[in-house]
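Reviewing the structure listed below.
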Amino acid sequence: MTEITPQPGIMEIALYKGGASSLAGQTNVLKLSSNENPLGASDAAREAVVRAALELHRYPSTDHAALRAAIGDVWDVPAEQIVCGVGSGEILKNLSEAYAGEGDEVVFTEHGFSMYPIYAHACGATPVVVEERERVVDVDAILAACSFRTKIVFLANPANPTGTMIGQAEIARLADGLPKAALLVLDGAYAEFVDGYDGGAALVASRDNVVMTRTFSKIYGLGGQRIGWAYGPRDIIDVLNRIRGPFNLAAPALAAAEAAVRDTAHLAHCRAENAKWREWLAHALGELGVASDTSSANFILARFADQAEAEACDDHLRNEGIIVRRVAGYGLPNCLRITVGDESGCRRVAHAVAQFKGQA
Ligand SMILES: *Cc1c(COP(=O)(O)O)cnc(C)c1O
């Protein structure tokens, strides 16, 4: 027997499954499984990557100053309280490793993002799963689950895969009610889809126990570049800067993100198109007897009668060349998560669901 063994918790991790991106024997595949932006990245971001190609031999910036300045300008947050990561995922993981370990608890809700238990196990902490109320986060239930062992509470707002969100007053109540040693991590992967929502920035500014994360993978259409950021109290940003790799972000990714964040017109266009086609799709599915909660993100959680119907619909969609996400692993076996595509994508998936329901 080898004595070379991984740290506690690591073998508890169930491997993350990303959304599929191809179907055997299908050509015209419509991928609606990973909440990518159907309109793609800003032209300015594409051009920045092309320019960056001329400098591939250079090491990238270590302090990400230019990107942090751009984020600070656009989102009105202090640049010195921003840290950038390899996707927001790296930051969520680094927060877990910095603030939780063996004997500590990391709290999240039953339909929460499936990376949260992975981050908890990876640092040896114990994941604590809290029930939601009808697919909506329940602040009282989270507070009741917290103890002196709680070091991190992960909350995505809007949430994935439910698409629901809770209001600012509720988040503030959560932040104020947490045990002293617990950090509230507001995962804002979908925050930009909500017009006028600050992603929790005001809460970060006024408290010392809240960090918010954002990503370039969703509305900015830069999932392939792996880049995200966080805004938090100075001491927490300092801790994150100590443990991240000095060259964690590649130069083309930094250049793309800086151009993308400054292209506020593209952002507004993507937000408006998403809202328009999300409403259209939710209505079209509703007419077919497929219910969904009001979504604040760029996907719809379509609810079917039971798991068998959801799986049968998924099989039909796959035969039609459409990939959506099964979410049984999120405790939602009767649901499918469908990314809001562009107009043709939304029309195509609605038509395929209508065929499945015998109503096309
Ligand atoms: C997509 C997503 C992320 C972001 O992942 P990146 O590492 O930034 O690509 C984080 N949280 C949630 C809930 C997500 O859905």
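Where a number appears in this text, it was derived from the coordinates with a stated rule and is not lab data. This is a predicted model, so every value here is computed, not measured. Here Cβ is always computed from backbone atoms with ideal geometry, including for glycine, and neighbour counts include all displayed protein chains.
Selection among Ala205, Ser21, Ser114 by position relative to the dipole of the chain gives Ser21 as farthest towards the positive end (Cβ unit charges, Cα centre). Summing Cβ point charges (Lys, Arg +1; Asp, Glu -1) relative to the Cα centre of the stretch 279-360 gives a dipole of roughly 120 debye. Would you be so kind as to identify which of Gly101, His64, Gly188 lies farthest towards the positive end of the dipole of the stretch 44-262, taking Lys and Arg as +1 and Asp and Glu as -1 on Cβ and the Cα centre as origin? Looking along the dipole axis, the top candidate is His64. Three principal axis extents describe the C-alpha atoms of the stretch 270-320; from largest down they are 34, 21, 17 Å. All Cα-Cα separations within the stretch 100-144 were binned at 10 Å from zero, giving a P(r) of 31, 49, 19, 1, each value a whole percent of the pairs.
Ranked by the mean number of other Cβ atoms within 10 Å of their residues, highest first, the peptides 222-232, 244-254 fall in the order 222-232, 244-254.
When only alpha carbons are used to place a centre, the stretch 130-208 and the stretch 248-307 end up 20 Å from one another.
The calculated FRET efficiency for Asp342 paired with Thr294, based on their beta-carbon distance and R0 = 22 Å, is about 0.55. Using a cut-off of 26 Å between alpha-carbon atoms, which lysines can reach Lys180, once sequence neighbours fewer than 8 places away in the same chain are excluded? Lys180 reaches Lys93, Lys151.
Close amide H partners of Asn160, meaning residues 5 or more places away or on another chain with modelled amide H under 5 Å apart, are Phe113. Listed peptides 351-360, 49-58 appear in the order 351-360, 49-58 once ranked by packing, highest mean of other Cβ atoms within 10 Å at the front.
Expressed to the nearest 5 percent, the antiparallel share of DSSP beta bridges inside the stretch 44-262 is 35 percent. Counting 0.36 nm for each residue step from Ala354 to Arg207 and taking away their Cα separation leaves a gain of 48.0 nm. Just add up the charged neighbours of Ala79: K/R +1, D/E -1, any other residue whose Cβ is under 13 Å from the Cβ of Ala79. So the environment of Ala79 carries a net charge of -3.
Filter the chymotrypsin sites (Phe, Trp or Tyr not before Pro) in the stretch 124-216 down to the DSSP loop ones having no more than 15 other Cβ atoms within 10 Å, then list what survives. Within the stretch 124-216, the qualifying chymotrypsin sites (Phe, Trp or Tyr not before Pro) (loop, at most 15 other Cβ atoms within 10 Å) are Phe148. A simple spin-label model places pseudo-atoms 7 Å from Cα toward Cβ; at Ile4 and Ala265 they are separated by 5.6 nm. Exposure proxy shown here: for Leu95, Leu178, the number of other Cβ atoms within 10 Å sets the order, fewest to most, as Leu178, Leu95.
For the chain, a crude dipole built from +1 on the beta carbon of Lys and Arg and -1 on the beta carbon of Asp and Glu, taken about the Cα centre, is about 580 debye to the nearest 20. Rg/Rh for the stretch 44-262 stands at 0.97; both radii use Cα atoms, and Rh follows the Kirkwood definition. Work through the residues other than Gly286 whose Cβ is under 13 Å from its Cβ and net out their charges, Lys, Arg +1 and Asp, Glu -1. Spelling it out: positives minus negatives among the neighbours equals 0. Structure remark: mean-square fluctuation, Gaussian network model of the chain, C-alpha springs under 10 Å; the largest value among Gly89, Gly112, Gly19 belongs to Gly19.
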